1. Keeping to the range A:307-327, report how many residues are facing another protein chain (nearest Cβ under 7 Å) and either among the hydrophobic types (A, V, I, L, M, F, W, C) or in contact with a Pro (Cβ under 8 Å, 6 or more places away or on another chain) (or both).
2. Kindly list, by first and then second residue, each pair from a residue in the range B:26-44 that is at the interface with chain A (Cβ under 9 Å from one of its Cβ atoms) and touching a residue at least 24 places away in the same chain (Cβ under 8 Å) to a residue that is surrounded by 20 or more Cβ atoms within 10 Å (Cβ to Cβ) and in a helix (DSSP H, G or I), limited to pairs with Cβ atoms under 6 Å and residues at least 6 apart or on different chains.
3. In the range A:29-52, what residues are more than 16 Å from residue A:79 (Cβ to Cβ) and surrounded by 19 or more Cβ atoms within 10 Å (Cβ to Cβ)?
4. Within the range A:34-44, identify whether any single residue is out of contact with any helix residue (DSSP H, G or I) (no Cβ under 6 Å at 6 or more places or on another chain), modelled with pLDDT of 95 or more and part of a helix (DSSP H, G or I), and answer yes or no.
5. Does residue B:333 qualify as being more than 30 Å from residue B:403 (Cβ to Cβ), surrounded by fewer than 17 Cβ atoms within 10 Å (Cβ to Cβ) and either more than 9 Å from every other protein chain (Cβ to nearest Cβ) or not aliphatic (A, V, I, L, M) (or both)?
6. Return only the number of the condition from (1) of a type in the set (A, V, I, L, M); (2) without any contact (Cβ under 8 Å) to a residue 40 or more places away in the chain; (3) surrounded by 23 or more Cβ atoms within 10 Å (Cβ to Cβ) that residue B:278 does not satisfy.
7. Just the residues that are farther than 30 Å from residue A:30 by Cβ and of a type in the set (A, V, I, L, M), please, taken from the range B:303-342.
8. Got a sec? Which of B:67, B:44, B:31, B:7 is within 21 Å of residue B:132 (Cβ to Cβ) and touching a Lys or Arg at 6+ places or on another chain (Cβ under 9 Å)?
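The values are calculated or read from the model by the stated rules, or taken from the named source; none is laboratory data. Everything numeric here is computed off the predicted structure, so don't read it as measured data. Glycine gets a Cβ as well: all are built from the backbone with ideal geometry, and neighbour counts include every protein chain shown.
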2 protein chains.
Amino acid sequence: MDAKGKYGVALVGCGIVGGGTARVLTEDRIYLQERTGIPLYLKYIVDRNYDNARAIGIPEELYEEDYNKVLEDPDVFLVIELIGGLTVAKKMMTKALKAGKHVVTANKALMAHYGPELFALARKEKVTIGFEASCGGGIPIVKALTDGLLANKIEAIFGIVNGTCNHILTEMTDKGESYQEALKSAQKAGLAEADPTLDVSGMDSAHKLTILGSLAFGERVDLDSIPVEGIDTLDLYDIKTGRELGYIMKLLAIGQQTKKGLALSVAPAFVHTSHPLARVSGAFNAVSVYGHAVGHTMYMGRGAGSSPTASAVVADIIATALGITPKAFESLSFWPDRTEKAKQLAPEDLTSRYYLRFMVKDRPGTVARISSILSDNGISITSLLQKEEARDTIPLVMTTHQAREGAITQALNKIEGLEETASPPIYIRIIEEHPESVI
Amino acid sequence: MDAKGKYGVALVGCGIVGGGTARVLTEDRIYLQERTGIPLYLKYIVDRNYDNARAIGIPEELYEEDYNKVLEDPDVFLVIELIGGLTVAKKMMTKALKAGKHVVTANKALMAHYGPELFALARKEKVTIGFEASCGGGIPIVKALTDGLLANKIEAIFGIVNGTCNHILTEMTDKGESYQEALKSAQKAGLAEADPTLDVSGMDSAHKLTILGSLAFGERVDLDSIPVEGIDTLDLYDIKTGRELGYIMKLLAIGQQTKKGLALSVAPAFVHTSHPLARVSGAFNAVSVYGHAVGHTMYMGRGAGSSPTASAVVADIIATALGITPKAFESLSFWPDRTEKAKQLAPEDLTSRYYLRFMVKDRPGTVARISSILSDNGISITSLLQKEEARDTIPLVMTTHQAREGAITQALNKIEGLEETASPPIYIRIIEEHPESVI
């Protein structure tokens, strides 16, 4: 591990993922070199404190507090940015790119907020940014979109891209826990942060949709253009009722190409049990990608965690060293610094099936009045569920055929105004198998 | 589409997959060039007859009967081999490689039988062979193993890699059809050949395991070293009974690294309904890959068909043109012309859970005698199912804890010799979630 090799790397940020990456790079160094022909070696670890590095036994001689010294070292061909967050990470990545170092990162927030700007800088400096680890942890989904599926026009992506939310929803579905109970057990198991807002609000999923959507559709997806709903306001009643009707609740990041533009959203949705995404449980992530030639493909794996994310980070380093990432970055036209802002479908023009739930006072004619408002708005019902209950206010559940979201919200506004309606109606998208255009 | 571009390709064999490939290359030519920066164009189609090419409207001026002329054309940088079979395909691929042309193929039989020899020739001639389309149709599984998962030591792969078998098994499981009924309906639907032997015997899956296993484990898997069982002798009774016990029957291609060597097999197996592979239905394929860092990842998609396979073929062409395939072929050490023959686990040393079914005469003490033979061989039972039936010969079903396959066959031989046993006992592996070594 001396200074003779040209493939020295510097790791900035040695927390959970950084620690896993440091372990793979040190413990598997010989294996990786034999396997790939690249004499990769970890030369520096830069952090504010080295407690975690020490705890997992990373040699002290790698610790370096002077980031400038690292960037001046010609043996370092690549900087691994794993500190997370926006401000400091952006500064450090910018410095690395300007110093002519390739960068590999797992930072989805950074790539979602500043991807186009950072890609443009990397291009100017003739280096690259690897960001496989920013979406879906160890799942090689970025590689699928930038390599394996290159021959396709991507028609839709549906992603379970937040393991915390998927774990919470799985517990609610399988064990009947309330959102609060499931959140607490996820926190205990280390699967949710003390402040889980970024995850449960859907914002983390939106970061990933920004990144994946831009690559998939060859149009730049801007983070602030995505309508985002989280799982923190979900009612267990709907999860249970949906389950009875054959649907599993998932937080989905969705991008669908339509004739009128790209439909983007992050929201809880019901997925039919026969769809492979319905069976992606616990902390696992999965992304369904529909291409005009390949049809439906799905990629599943651990969306977070130390070593799964390290798997993606190290694969990116190798692909950069092999010249594969540079070649793709140079040739392919759909990196978000090269594309125009996506032409988006107006949310009210989205067509989907819906699950509707009304809380109504148990009076004669209520179902008729609600049904006729839906019908007046062109919404047709596929199923209706009202159980006999000895309460004044009872839930009335309906599922619809394909309907415009604009029609749904319009109808629901009217229904909310009815005297019989006790609380605002709930509507949740139902996702069925996306049509495949394979020949 | 004149001779000025350097990225002319020649398509040899314009059948189902060839036709799909020709369509993507012609209809999407502009799109592909804009997307990838590569001015790819289809210059020749070589075939014995052009009926299919005509039927799908491929321009006549592309038809060329003189293969030598094609190989002498300096504008052709790559030959797409899609004729299938062994003898002619091998001759034509060899000629192409010797003429200094890159090759892309969907021919699993050829790659399984002659991969190492052909890779060695390609290396000598400084060209490459792309074979993504040979395994799992449009699923970028070869790319996952040679790129996205590079940082891993692969611990196991479990693949549903034959769509015909998966379709037949899905029909048997979901509709209760017999093997013969399901085969006939698959043939009617164009999902099975008139002579389905290669598929239903498991041999096609063995071809794919040869290819994927060699890449995954970095040891050369020889086709003739894989024990192969097909689905053609399966009894609907076992599929139904397994289903009651919570298992779905799948034909699996399995490679597992163990301390004593690589355990390879193609055989019908019971997959627990909670495993994502259990939900891969109909003509879909999927491969679960377990890596020491990434844990469990799964890749799903259409394993055959015109345009899904074309998706993989065209992606390979682009990766070759971009220089990505050549770089990987040059640098990575685990191509099967560079590795040693896999050290294999003796089949009798394989440890697994098993489903056992005995056909026994309904006499007192039978269960006790069978159980004690199992117990004498160190096999312990997890469940036992015997239904009340008014017949002389009745099925007795058991599932076991982990047991050595050698112990199972030894015990079953003894049980077969019992006077109460009416026909040879059946044993089928039960696949549970493979342990993950993620940190």
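1. Residues in the range A:307-327 being facing another protein chain (nearest Cβ under 7 Å) and either among the hydrophobic types (A, V, I, L, M, F, W, C) or in contact with a Pro (Cβ under 8 Å, 6 or more places away or on another chain) (or both): 7 in total.
2. B:36/B:318; B:38/B:318; B:38/B:321
3. Result: A:32, A:35, A:36, A:38.
4. So far as the range A:34-44 goes, yes, one or more of its residues are out of contact with any helix residue (DSSP H, G or I) (no Cβ under 6 Å at 6 or more places or on another chain), modelled with pLDDT of 95 or more and part of a helix (DSSP H, G or I).
5. Details: more than 30 Å from residue B:403 (Cβ to Cβ): yes; surrounded by fewer than 17 Cβ atoms within 10 Å (Cβ to Cβ): yes; either more than 9 Å from every other protein chain (Cβ to nearest Cβ) or not aliphatic (A, V, I, L, M) (or both): yes.
So residue B:333 fits the description; yes.
6. (3)
7. B:304, B:310, B:312, B:313, B:314, B:315, B:317, B:318, B:321
8. On the way: B:67 fails: within 21 Å of residue B:132 (Cβ to Cβ); B:44 fails: within 21 Å of residue B:132 (Cβ to Cβ); B:7 fails: touching a Lys or Arg at 6+ places or on another chain (Cβ under 9 Å).
Every option except B:31 fails the conditions.
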